[in-house]
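Below is one structure, written out as structure tokens; comments come after it.
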There are 2 protein chains.
Amino acid sequence: MTDQKNNLATRERILDAAEWLFMENGYEATSMRLITRAAAVNLAAVNYHFGSKEALLCEVFRRRLAWINQERLQLLDRLEQEANGSPLKPSQILEAFFGTLLRVGEDPALGGMTFLRLLGRTLTEPAEFVRSFFATEYAAVIERYKQALFRALPDVPRAEIVWRMHFMLGAMSYAIAGTDVIRVVTGHDVSDMAGEDEQGDEDGRMFARRLAQRLMPFLLGGLRAPLPSFDVPAVRHAHAASSIEDWATGGRTAAIRPPNQSEEMQQ
Amino acid sequence: MTDQKNNLATRERILDAAEWLFMENGYEATSMRLITRAAAVNLAAVNYHFGSKEALLCEVFRRRLAWINQERLQLLDRLEQEANGSPLKPSQILEAFFGTLLRVGEDPALGGMTFLRLLGRTLTEPAEFVRSFFATEYAAVIERYKQALFRALPDVPRAEIVWRMHFMLGAMSYAIAGTDVIRVVTGHDVSDMAGEDEQGDEDGRMFARRLAQRLMPFLLGGLRAPLPSFDVPAVRHAHAASSIEDWATGGRTAAIRPPNQSEEMQQ
DNA sequence: GATTATTTCAAACGTTCGTTTTAAAGTCAA
DNA sequence: TTGACTTTAAAACGAACGTTTGAAATAATC
């Protein structure tokens, strides 16, 4: 077989080009001709090696997510083993889940920031085949981490934990995918961000690390925020009218905190 | 003019159809023929009334964002006027900014959940014309709120506040746009969510309200989380290896809290 | 009611899309 | 070297895309 010489090189070159172009332009706006030209292969090569454009996108994700989700499961295994029996701390769980992903951003060999941005953008992709692909790809990992958080926060309603997982996923995806949004929206204020054009070998590492150290406290703070009070005052908006109090202030109930430990993060 | 009878009806019918289809399929995957068929107008009507497909998308946003951002500015005006001189509480600022948007989700006349989801999805849109459109559309509002947060949290580095604004925007956008993501990813666990097919008159209101009461505490908790420590230990990942401590736990520095007030949310 | 302006309509424009086809080139085992 | 198999290559496929055209229909102005 020529797999070790040219075939693999062709496949890999297509995957690399597709990963970058999908990230840059989005799936629909990236044509096969653009991809194959960037990869310096024949137009028919994608259909030959992957079958279709949809299958190509899935493969772009699979080759990265396989490592990521395996790492996530292994980390959780080890943590639970070391804790032998007692529930983990939320910070450990978050670090295992999000930290793994952020570490991918630091390592171009694992996909780097290019893949992270593509992932963030694609998670909101409306296309059906994308959604069902992610569903199967993520199912096991999410279930494990969900259960771990349930154990870590036994006094918190499970529905609430699921919601906050959702919020945390969103904050991270956006933080990664929307690098331009923060620039545009904040008036190019964050001066120490990485360049977005060149795939920034060193810039990407720096960006991922800074993002990590800023994002994790935010996520933990959100996860452990006080529960909302459940008597909802029906807020009627009044076209620049009266009521600005209510649920914005959350409830006065107990803060979310792991049961038998005080956690190192106090405020 | 026929603007009051048929012309406006045509324009509006196109905008409504486009809003829904862009939300459902994304911009690129929604064709002019799909839009005009759904709106029951001639294919050429979009180009006649709006000029191009891009201009149509911009108009879809403009007719909603005009109200939203005006409301945001008015709310901030009033809050600062009532506070006469002293800085606002972070919870007030967040409620004015995010609460306005979430109230749009409750009111179909303002766009409802359909528009909110479209907004969330489009903020990560790579297309250049979309980004520059949002940049000009949001510039004034973001600047005002940024300054308000700077005043509200004078002890927090400004770059940190900007980052956390970004995280909050992301959490909310995702929470709105990724309704299917949370279902798919969590195994359809959140049982009390609104339907996603029919534009759910009453469902949409309920969903937006529940989302609001769960999201706001999360955002406040994240915004006011402890600052990260700034001596970054270079975390090397080790393919299921050693280090799981470090920045996940954040720093031990003071929590972010407005200067001269204790805030009602304690944990 | 005639005239002007506005809006709708069917048809076609040229381009680009993802995919397929058919043949040539390359690779490896016997 | 032969023969089977894999990979590349150029060309073409039909379909769908956003947009334009020019005439018919409708509404507004005088």
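Values as computed for the structure displayed
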{"quantity": "Segment A:8-51: equivalent-ellipsoid semi-axes (sqrt of 5 x gyration tensor eigenvalues, Cα, Å)", "calculated": "16, 11, 9"}
{"quantity": "Inter-copy label distances at residue B:85 (7 Å, Cα→Cβ; nm, one decimal)", "calculated": "6.2"}
{"quantity": "Length-normalised contact order for segment B:1-129 - Cα pairs under 8 Å, 6+ apart - percent", "calculated": "25 percent"}
{"quantity": "Cα Rg over Rh - segment B:107-158, Kirkwood", "calculated": "1.11"}
{"quantity": "Inter-copy spacing of residue B:132 label points, which lie 7 Å from Cα along Cα→Cβ, given in nm from shortest upward", "calculated": "3.9"}
{"quantity": "Charged-residue dipole, Cβ positions (Lys, Arg, Asp, Glu), segment A:9-74 about Cα centre, Debye nearest 20", "calculated": "120 debye"}
{"quantity": "Shortest-first distances to equivalent copies, position residue A:42, nm, label 7 Å out along Cβ", "calculated": "4.7"}
{"quantity": "DSSP-loop trypsin sites (Lys or Arg not before Pro) across segment A:17-62, with at most 12 other Cβ within 10 angstrom", "calculated": "none"}
{"quantity": "Charge dipole magnitude, Cβ of K and R +1, D and E -1 - segment B:128-180, Cα centre, debye nearest 20", "calculated": "220 debye"}
{"quantity": "Charge dipole magnitude, Cβ of K and R +1, D and E -1 - segment A:1-140, Cα centre, debye nearest 20", "calculated": "340 debye"}
{"quantity": "Accessible area buried between chains A and B, both sides summed, probe 1.4 Å, in Å² to nearest 100", "calculated": "9400 Å²"}
{"quantity": "From phi via Karplus (6.51, -1.76, 1.60), per-residue ³J(HN,Hα) for segment B:114-125 in Hz, x at Gly/Pro", "calculated": "4, 5, 4, 5, 4, 4, x, 6, 7, 5, 9, 4"}
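The values are calculated or read from the model by the stated rules, or taken from the named source; none is laboratory data. Everything quoted here is computed from the prediction, not taken from an experiment. No Cβ is skipped: glycine too gets one built from the backbone with ideal geometry, and neighbour counts run over all protein chains shown. Just so you know, the surface numbers come from the protein's heavy atoms only, side chains and all, with ligands and any DNA or RNA stripped out. Shrake-Rupley method; radii C 1.70, N 1.55, O 1.52, S 1.80 Å.
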